[in-house]
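What follows is a set of notes on a single structure, which appears directly below.
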Amino acid sequence: MNSILGAASATIIALLTAALVLLSGEGVTSLDDISALQWTILAIGGAITFFKDLQAISARRLINKVTGSGDGGGTV
């Protein structure tokens, strides 16, 4: 999906995957076992993922507009 919704969907999937990795760590039996630093790193990673996907979508849409072809990215 070439939209903000597409970038948000990819971010949610990445965050859920990373949260599962944190929760499946050795010695983790509850959310309290995960440190605030780990949750902060997870949140920052989610933000980076969102902006990376948004930038890729924006670049694809611009290229489609300039070239008049592409994958149906729509308008900028």
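Per this entry, residue 74 is counted among residues that are at positive phi and modelled with pLDDT under 85. Taking residues in segment 1-20 that are outside any helix (DSSP H, G or I), and partners anywhere that are hydrophobic (A, V, I, L, M, F, W, C) and surrounded by 13 or more Cβ atoms within 10 Å (Cβ to Cβ), the pairs with Cβ atoms closer than 8 Å and at least 6 places apart or on different chains are 2/57; 3/57.
Remark: residue 5 matches the filter, which requires a residue to be exposed (fewer than 12 other Cβ atoms within 10 Å of the Cβ), out of contact with any strand residue (DSSP E or B) (no Cβ under 8 Å at 6 or more places or on another chain), modelled with pLDDT under 90 and within 14 Å of residue 54 (Cα to Cα).
When only residues in segment 14-33 that are of a type in the set (A, V, I, L, M, F, W, C) and out of contact with any helix residue (DSSP H, G or I) (no Cβ under 9 Å at 6 or more places or on another chain) count, which is modelled with the highest pLDDT? If you could, list the steps in order and put the result at the bottom.
Restricting attention to segment 14-33, the residues satisfying the condition of being of a type in the set (A, V, I, L, M, F, W, C) are 14-16, 18-23, 28, 31.
Keeping just the survivors that are out of contact with any helix residue (DSSP H, G or I) (no Cβ under 9 Å at 6 or more places or on another chain) gives 16, 20-21.
Numbers: 16: 95, 20: 92, 21: 91.
In this case the residue turns out to be 16.
The set of residues from segment 10-30 being surrounded by fewer than 16 Cβ atoms within 10 Å (Cβ to Cβ) and not β-branched (Val, Ile, Thr) comprises 16, 20, 23, 24, 25, 26, 27, 30.
The values are calculated or read from the model by the stated rules, or taken from the named source; none is laboratory data. Remember, it's a predicted structure, so these values are computed and weren't measured experimentally. Methodologically, a virtual Cβ is constructed for each residue, glycine included, from the backbone with ideal geometry; neighbour enumeration extends over all protein chains shown.
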